[in-house]
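K.L.:
Quick one: structure below, then a few questions.
Nothing in this text is a laboratory measurement; each read-out follows from the coordinates by a stated rule. Please read all numbers here as calculations on a predicted model, not as lab measurements.
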Amino acid sequence: MQKTKNTTWKQRLNSDQYLKGRINYIFKSAKKEREPHKSILNRLKLIIYDDARYKTLPNYMRSNINGYIQANFEIMHEYIEWVHWYDNRFVGKKLIYNEKFEQSKVKSHYVYISTQKIY
């Protein structure tokens, strides 16, 4: 397959639509498979940012693609929640504070809703 140089408007628009479709696929499969945030970032780097279709786009179109990625990350917040582990035991959102509570034993992460799978 020949690499595109995005020299015409039609090529630029096709590259823009292609990249947005790939971004949709990455985020849709991440939601389905409950992938960690780091994995999503790695896939974006490999599939989008290293692609000649992205690198040869003008800056204003690249910023549009980057904004599209940011919007998808914002949508991911509907699928995750902030929860806690206390003394390596999952306690969810209900962290119990009492006289024996020790802050150093608390670990918190974003996880996919209704799971313990770390985002």
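K.L.:
Hey, of [x] 73, 50, 26; [y] 78, 30, 25; [z] 68, 24, 20, which did the structure itself give for Cα extents along the principal axes in Å when calculated?
P.N.:
For Cα extents along the principal axes in Å, the calculated option is [z].
K.L.:
Pairing the Cα long axis of helix 9-33 with the longest principal axis of the chain, what angle in degrees results, from 0 to 90 and rounded to the nearest 10?
P.N.:
It is inclined by approximately 20 degrees.
K.L.:
Relative contact order of the chain, please, whole-number percent, based on alpha carbon pairs below 8 angstrom and at least 6 residues apart. Numbers along the way, then the final one.
P.N.:
On the way: 106 pairs, mean separation 28.6, N = 119.
Computed value for the chain: 24 percent relative contact order.
K.L.:
Summing -39500 (n - 2.57) over the DSSP H runs of n ≥ 4 in the chain and dividing by its residue number, what mean residue ellipticity at 222 nm do you reach, to the nearest 500 deg cm²/dmol? Let's see the in-between values first.
P.N.:
Working: 4 runs with 55 residues, N = 119.
It comes out at -15000 deg cm²/dmol, rounded to the nearest 500.
K.L.:
Now a separate question. Excluding same-chain residues fewer than 8 positions from K94, which lysines have a Cα within less than 20 Å of its Cα?
P.N.:
Counting by Cα, and skipping residues close in sequence, K94 has these lysines nearby: K105, K107, K117.
K.L.:
Grab the alpha carbons of the stretch 9-76, take their convex hull, and tell me the volume per residue in Å³.
P.N.:
Numbers: hull volume 4.8 nm³, N = 68.
Enclosed volume per residue, from the Cα hull, is 70 Å³.
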